[in-house]
1. If the rule is a partner Cβ under 4.7 Å, which cysteines in the protein assembly as shown fail it?
2. Which residue, chosen from B:Asn113, B:Gln235, B:Gly196, occupies the Cα position most advanced towards the positive end of the dipole of region B:76-235, where the dipole is computed from +1 (Lys, Arg) and -1 (Asp, Glu) charges on Cβ about the Cα centre?
3. What order do you get for B:Cys105, B:Cys100 when you list them from fewest to most C-beta neighbours inside 10 Å?
4. Report the gain in length on full extension from B:Glu210 to B:Gln15: 0.36 nm times residue separation, minus Cα-Cα distance, nm rounded to one decimal.
5. Just to be sure I follow the rule: in region B:18-147, considering lysines 8 or more places apart or on different chains, how many pairs have Cα atoms under 21 Å apart?
6. Arrange the following residues from fewest to most other Cβ atoms within 10 Å of their Cβ: A:Val37, A:Val90.
7. Within the set A:Lys30/B:Lys187; B:Lys219/B:Lys283; B:Lys185/B:Lys274, which residue pairs have Cα atoms separated by over 22 Å?
8. Under the classification rounded if a/c is under 1.5, otherwise prolate if a/b is larger than b/c and oblate if not, where does region B:18-147 fall, given a ≥ b ≥ c as square roots of the Cα gyration tensor eigenvalues?
Amino acid sequence: MSQSYDRGTVESFGRWLEFKPGMWAWILHKLTGWILVGYLFTHIAVLSTATGVDPAAAAAGNDIYTTTLQSLEELLIVRFLEIGLLTVAVFHILNGIRLLFVDLGLGLDRQDVSFYVSLIMTALITLASLPTFLGGVL
Amino acid sequence: MSTEIQQETETTEEQSPEQIREEVAEDLSEKRREQIQEDLESAEKTVQLKVFRYDPEIEGKEEPRFDSFTVPFHRGMTVLDALIYARDRYDSSLTFRHSCRQAVCGSDALFINGQQRLGCKTQMGDLEHPVRIEPLPHQDVVKDLVVDMQHFYDQMHAVEPYFDPDELPDGELEEQHQTPENREKVKLSTRCIWCGACMSSCNIAAGDNEYLGPAAINKAYRFAMDEREGSDRKQERLRIIEQEHGVWRCQTQFSCTEVCPKDIPLTEHIQALKRESIKNNLKFW
């Protein structure tokens, strides 16, 4: 519907603050989905550099895969990225379950509550994972 | 109103029609000002309206703008009441649709404080002030708060929204009986008043002009779920709703359900039709 005049604030993106839970759930689901797709490709790209056998490392009892992962884990930024990845994946899974119920026609009048529940559970799981990830345990 | 004023104004032969008109306008605005002043002083509380104005046909008014009106508030005042006051007392060119004033005709769906609502069903007392009133988003504005509803009506008609049973009951005076359970199933969907609030709130409809939209799909639900129509008719109905721009466009953002002034669970009905469509096409061979 093309409009030849400026409707000003009516259709501007500045109105995102007025979004309702259902819309937020949709936006976050799309966003986390795209992040997971991006992660998948990065994941394959990084790990494909860690295949093959390095004779020197193998003789010392280490393979390239382990060395690569250990060197990655030494970087603090990677630990934070892992926490972010977990948050994104957990939310996507939980909201995905919520959407399954929506598709089945169950509890549609409580869809905002189930969105908040998935947010809270994501936060709790992320918090619980902090010691493990920040500790850099491989 | 113009005839009343003509009688009150003394005209002399020397005055040109323009002069008379100017005098009438001045007299009128003076009377109105006094009236408004009186109303505002006698009111316990006043409220501010910020109303979207746009008139492509008048020079100097083609640019959209917001006009402010101060309106005397009374308990139980709706947004429509306030608009009617503003039109009658401040600016008779302020244009908006309204008819029944009791949320039945669906004429006055407006974008009030950032949400699609019916003007006649929204209490001024429940809103944050100043109250910002705009025409429905994602629809072409004809003038001020009036939007072009043609596209919405086209989508509604696309689902063939009329009762069409395969066979008529025997006697001429026989009724088309419906089971109470079946009636209960379609009950909420029959409440639609064609106001267009859902279509305006829908993100998908905004991006896909061919999408049937929540209201039309709800209408399709009302008839597809009606057991008195035969299975052939139901097949035809399902064919309409499962096309590319039909039910599958819905991404369950729940915007339509949030804004529906008649509290129709629109998303629920769209989801039910999605399942119906799958059940219809599922084959075990």
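Read-outs: derived from the displayed coordinates by stated rules, not from any lab. Not measured: the values here are computed from a predicted model. Here the Cβ positions follow ideal geometry from the backbone for every residue, glycine too, while neighbour counts run over all protein chains shown.
1. Those would be B:Cys120, B:Cys192, B:Cys195, B:Cys202, B:Cys250, B:Cys260, since no other cysteine Cβ in the protein assembly as shown comes under 4.7 Å of theirs.
2. Farthest towards the positive end: B:Asn113.
3. Fewest-to-most ranking of B:Cys105, B:Cys100: B:Cys100, B:Cys105.
4. On the way: separation 195, 0.36 × 195 = 70.20 nm, distance 5.78 nm.
Contour length minus the Cα-Cα distance gives 64.4 nm.
5. On the way: B:Lys45/B:Lys121; B:Lys50/B:Lys61; B:Lys50/B:Lys121; B:Lys50/B:Lys143; B:Lys61/B:Lys143.
Number of lysine pairs found: 5.
6. Values: A:Val37 10, A:Val90 19.
Placing the least packed residue first, the sequence is A:Val37, A:Val90.
7. On the way: A:Lys30/B:Lys187 34 Å; B:Lys219/B:Lys283 27 Å; B:Lys185/B:Lys274 16 Å.
Flagged as over cut-off: A:Lys30/B:Lys187; B:Lys219/B:Lys283.
8. Numbers: a/c = 1.94, a/b = 1.16, b/c = 1.67.
The shape class here is oblate.
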